[in-house]
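Data first, discussion second: the structure below is written as structure tokens.
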Amino acid sequence: MKVIASSLRKGNIVDLEGKLYVVLSAENIHPGKGTPVTQIDMRRISDGVKVSQRYKTTEQVERAYVEDREYQYLYQDGDGFHFMNMETYDQVTVSPDVIGDQAAYLQPEMKVKLSVHEGVVVAIELPQRATLEVVETEPTVKGQTASSSYKPALLSNGVRTMVPPHITVGTRIVVMTGDGSYVERAKD
């Protein structure tokens, strides 16, 4: 299926010269003079090589047919990450290369979207937010205003993030899975 380059988004799968690539980032650039272009950073699915391409925004790109299905995360072992299809109860194993940095946010029973191309999982989409516990942070300094200053914290999944001064060790917080940034205190 052909689409214009400017419509590509992160997570889309494109077919270039018979090889599949997952889009890591897509940016539309409109210079003062000249033709607007779309800068696309991609990772080749077969071997993990990263590639950067530039297209005119109206240029056609072949988008691979992938099926997005909801799966539930089960566990991780030496073979990779194991997921279960919620409708058929079929299990699928995904290699660590496909999961990448997002592995830190996977929690048992978490629902994720897996992109499947010809029976092979090529990409994963996590929920936008995850609830994690703060395991280490600095004590609050008296007189510190809550609005402007954040302090470093270590989360239960090993990711470091910045949190407001009122957050203490043991507090459960909601973070964005895209960049690990603090959203709010968990309501549970």
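For the pair K10 and T140, a Förster radius of 25 Å applied to the C-beta separation gives a FRET efficiency near 0.10, rounded to the nearest 0.05.
With the simple spin-label model, which puts each label point 7 Å out from Cα in the Cβ direction, the N28 to K187 separation comes to 3.4 nm. Sequence-distant contacts, meaning Cα pairs under 8 Å at least 6 residues apart, place the relative contact order of segment 1-139 at 19 percent. Ranking H82, Q107, T131 by Cα position along the charge dipole of segment 70-188, where only Lys, Arg, Asp and Glu carry charges on their C-beta atoms, puts T131 farthest toward the positive end. Global dimensions of segment 8-159 from alpha-carbon coordinates: Rg and Dmax equal 19.7, 61 Å. Applying Stokes-Einstein at 25 °C and 0.890 mPa s to the Kirkwood radius of segment 97-188, computed over alpha-carbon pairs, gives a translational diffusion coefficient of 169 µm² s⁻¹.
How large a share of the accessible area of segment 1-66, in percent, is made up of carbon and sulfur atoms when the probe is 1.4 Å and the other protein chains stay in place? Result for segment 1-66: 49 percent of the exposed heavy-atom area is carbon or sulfur. Straight-distance candidates among the lysines for linking to K113, with alpha-carbon spacing under 29 Å and chain neighbours fewer than 8 residues away dropped: K2, K10, K19, K50, K187.
Per residue, the accessible area of the chain comes to 60 Å² when a 1.4 Å probe rolls over the protein heavy atoms.
Rounded to the nearest 20 debye, the dipole magnitude of segment 1-85 is 520 debye, with +1 charges on Lys and Arg beta carbons, -1 on Asp and Glu beta carbons, and the Cα centre as origin. Across the options V14, Y71, T38, the greatest Cα extent toward the positive end of the charge dipole of segment 1-154 (unit charges at beta carbon of Lys, Arg, Asp, Glu) belongs to T38.
The magnitude of the dipole of the chain, with charges of +1 and -1 set on the Cβ of Lys/Arg and Asp/Glu and taken from the Cα centre, is near 900 debye.
The values are calculated or read from the model by the stated rules, or taken from the named source; none is laboratory data. Just so we're clear, the structure is a prediction, and the values are computed from it rather than from any experiment. Please note: Cβ atoms are built from the backbone with ideal geometry, for glycine as well, and neighbour counts cover all protein chains shown. Accessible surface is based on the protein model in full, side chains and every heavy atom, while ligands, DNA and RNA are left aside. Shrake-Rupley method; radii C 1.70, N 1.55, O 1.52, S 1.80 Å.
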